[in-house]
Each structure stands twice: as C-alpha cells, then as structure tokens.
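> A single structure is presented below for examination.
The values are calculated or read from the model by the stated rules, or taken from the named source; none is laboratory data. What you see is a predicted model; the values in this text were computed from it and never measured. Methodologically, a virtual Cβ is constructed for each residue, glycine included, from the backbone with ideal geometry; neighbour enumeration extends over all protein chains shown. In case anyone asks, the SASA skips ligands and DNA or RNA and just uses the protein heavy atoms, side chains included. Shrake-Rupley method; radii C 1.70, N 1.55, O 1.52, S 1.80 Å.
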Amino acid sequence: MTQNNQLQDIAVLRCFATVSLVVWHSYCSYICWGVVDTPVNNLYSWLFTKIIPDANMPLFTILAGYLFHYLLIEKSKYGEFKPFLKNKVNRLFIPFIVLGIFMNLTQYGKHIVDILYGQPNHLWYCLMLFYVYIVCWVTQKYFSERVNIILCIISFCVITIDGVGALSHRVFAGLYVPVYYYGYFYFGFLFRKNLNKWNQWGMPMKLIITAILYIFSCMNSHLIGIASITYFLLLFTLVNSTIISTAIIGTGGGTKYINTLSKYSFGIYVFHQYIIWNLTREPHCLAYVKPILENHYIIAPIIMVLMVLSISFLLTHYSLKTKIGKYLLL
C-alpha cells in the first residue's frame, strides 16, 4: 500500500464487511431466524457461518480499533477527553438513542423497553462501540497499554467461553456486549501499531499460516475469536497483495466507488436490517415474501441482497443530503 493510498485497504475491507452483512441478513431467514423451512437451510447455515463469522461484526470492530490507533497515536487526534467524548456522543450515542427508539417503535415485534438493555435491534453496535472507545481511551491515557492488553485477553476468554452468543445475554445498559467485543477492538489497535512487523513476513507464509488457523478454528464455535482474527488477517493480506490492490484501488475510478460505499457504510448498516426484518416479520409482508423464499430458495435470497443493498444505498445517499441525515449517518 503506497502512501497515496493510505488506509484505502481499510476502506475496501469496510465495504466488504458492509456488503457481507447485507448478505448475512438476507440469508438469515434460512440460517437462524426460522422464517422458512427449505432443503438448503442446513447448507446455508453451515456455509455462511464459515464465510461470514459472527456476521462480520468482529471484522467491523477490528477495523474500528485499527483506525483508532491511526487517529489517536499517529495523527495525535483526540488528545483531550472532553472533545473526544463529545465526538463519540454525537457519532455513536445519540444515533443509538434516536435511531434505536425509531427502530423499536416501527419494527414489527420490537419493544421500546429493549433500548434499556442496549438492544434496539442492530443499533446495539453503536452503544457497544461508544463504551469500547471510552474505555480504550481512558485506559491508554491514564493507565497503560499493559492494562489494555489484560482487558483484551479477558475479552477473548469471554468469547471463547461464550462462543457466538453476545446478543443472547440481556444485561442492563448493554454492558455485556462491549466486554465480548473489546478484544477485537484492541487487537485492531495493536495490529496497526505492529503493522511493520506484520509486513516483514512473506506473503505466502502469511496466507498459509492464517488460512490453516482459520480452517482449524472454524471447526468449533468456541474458537470464534481465533476464526475472526485470522479471517481479518487473510482479508487484509489479500487486499494488500500487489495483484488485488492494483485491480481494486489502483485506479482513480475504483477508489472513488470504494470511498463512496465506505462513506455510506453506516447508513447501509442502519437501513438494510430495518428493511429485511420487516419484510420477514410483518404479517402482510411475510404472506407474500415467505412463499417466494421457500419456493425459490436459490435465486430469492440473491435478489433480496441486490434489492436491499440498492435501496439502502439510495436511502443513505438522499439522507446525507439533509442536515439530520448527515448528523446521524456520517
């Protein structure tokens, strides 16, 4: 990655994570929601839990930690706590409250009280990141990196014991989820810090080792932490390979599209799940959608991915033309 393309690899990975999340939720009717019963349910469940571990929320979180090191340490941003806190309140906590309340009021089967447990549907992620950013900043500033490493290890112990189940625990203020995901965040932070050491390894060696570890860890849900880390390392290595980096971000046009999709990623995150959830839950919608998903279980989810991704992209595009949209979605 050249200096001119600084962090373009991360923009590519954010785009990949965003699209893969839309894919995951488009197939959740077959994977884990119990909406339809088809001959491919077990196949889809096995396949997508392997190629999109934990719905790629660990990937999003590792990327957040990676960028946090870049901004906090390398760019000396967020030097004072009050401006940092204000930034995270505006970027994460208020969207969690505003969008979370809207989601719980308008999504079928949701309850407003869920927000007290950090669970206004997929907006839980905003609250989790808010907690994680604050804890990481305070620990890094007033304690030491060693303490953060200890917190990271504790988090991965929780992940290993729990397996894939962070959202199944109903804890007041959503305090369990940041404990679960903190390890991923700080791994991203440390990975950026030690990026030069990683780059000293040869490309074949990195790919072989991470691929073996990823395949092995996919065999047991309690190894989801290792699977998610090696998944990131595989993607990061591939995106930074000469062939792929040239093909994807070596041209101005490709960079433009990547940056646009990366910019729209949070908006797509907000809208896509809202659409899919109501389509597969609200009785009038489900009466039409369910037979299609059951009878056309190969093509129907593919069409849903393309349709939901396109609609979410357009909704984000036009939302960002408004002041409220820019405030909540950027």
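> Averaged over all directions, how much area does the convex hull of the C-alpha atoms of the stretch 6-139 cover when projected, in nm²?
Quarter of the Cα hull surface area: 9.7 nm².
> What does the extension gain come out to for Ser310 and Ile161, with contour length at 0.36 nm per residue minus their alpha carbon separation?
Gain on stretching Ser310 to Ile161: 49.8 nm.
> Additional query: What list of ³J(HN,Hα) couplings, whole Hz, do you get for the stretch 255-267 from phi and the Karplus terms 6.51, -1.76, 1.60, once you set θ to phi - 60° and write x for glycine and proline?
Karplus-based 3J(HN,Hα) across the stretch 255-267 equals 4, 4, 5, 5, 5, 5, 5, 5, 4, 8, 4, 5, x Hz.
> Past the 21 Å Cα-Cα mark, which pairs from Lys88/Lys141; Lys75/Lys141; Lys141/Lys197; Lys77/Lys323; Lys50/Lys193; Lys77/Lys141?
Table pairs above 21 Å Cα-Cα are Lys141/Lys197; Lys77/Lys323; Lys50/Lys193.
> Same structure again: I'd like the Karplus ³J(HN,Hα) series for the stretch 87-103: coefficients 6.51, -1.76, 1.60, θ = phi - 60°, whole numbers in Hz, and an x wherever there's a Gly or Pro.
Karplus-based 3J(HN,Hα) across the stretch 87-103 equals 4, 6, 5, 5, 7, 10, 6, 5, x, 4, 5, 5, 5, x, 5, 4, 4 Hz.
> Ok, one more. Could you pull out every residue, at least 5 positions away or on a different chain, whose amide H is within less than 5 Å of the one on Lys77? Hs are placed 1.01 Å off N in the peptide plane, and Pro or chain starts have none.
When sequence neighbours closer than 5 places are left aside, the close amide H contacts are Leu72.
> Calculate, for the chain, the solvent-accessible area per residue in square angstrom, rolling a 1.4 angstrom probe over the heavy atoms of the protein chains.
On a per-residue basis, the chain sits at 49 Å².
> Ignoring trypsin sites (Lys or Arg not before Pro) that are buried or in helix or strand per DSSP, and keeping those with at most 12 other beta carbon atoms within 10 Å, what is the longest stretch of the chain between them?
In short, 171-320.
> Largest first and in whole Å, give the semi-axes of the chain's equivalent ellipsoid, each being the square root of 5 times a Cα gyration tensor eigenvalue.
Here the semi-axes work out to 30, 24, 21 Å.
> Along the Cα-to-C-beta direction of Ser241, a point sits 7 Å from the Cα; which residues of the stretch 183-221 have their amide N less than 14 Å from that point?
202-212
> Per residue of the stretch 138-147, in order, report the coupling 6.51 cos²θ - 1.76 cosθ + 1.60 (Karplus, θ = phi - 60°) as ³J(HN,Hα) in whole Hz, putting x for Gly and Pro.
4, 5, 5, 7, 9, 10, 6, 4, 4, 5
> If you split all Cα-Cα distances of the stretch 34-112 into 10 Å bins from zero, what percentages do you get per bin, shortest first?
Per 10 Å bin, starting at zero, the Cα-Cα P(r) for the stretch 34-112 comes out as 14, 24, 30, 22, 9, 1 percent.
> Still on this structure, I have one more. First compute the accessible area of the stretch 1-90 with a 1.4 Å probe, then give the percent of it belonging to carbon and sulfur atoms.
Carbon with sulfur: 56 percent of the solvent-accessible area.
> Magnitude of the Cβ-charge dipole of the chain, K/R +1 and D/E -1, about the Cα centre, nearest 20 debye?
That gives a dipole near 1020 debye.
> Shifting gears a bit: Of Phe130, Phe236, which has the most accessible area and how do the rest follow, probe 1.4 Å?
Of Phe130, Phe236, the descending order of accessible area is Phe130, Phe236.
> May I pose another question? Classify the stretch 171-319 from the C-alpha gyration tensor, please: rounded if a/c falls under 1.5, else prolate or oblate depending on whether a/b exceeds b/c.
Verdict is prolate for the stretch 171-319.
> A further question follows. In the stretch 154-287, carbon and sulfur make up what percent of the accessible area (probe 1.4 Å)?
73
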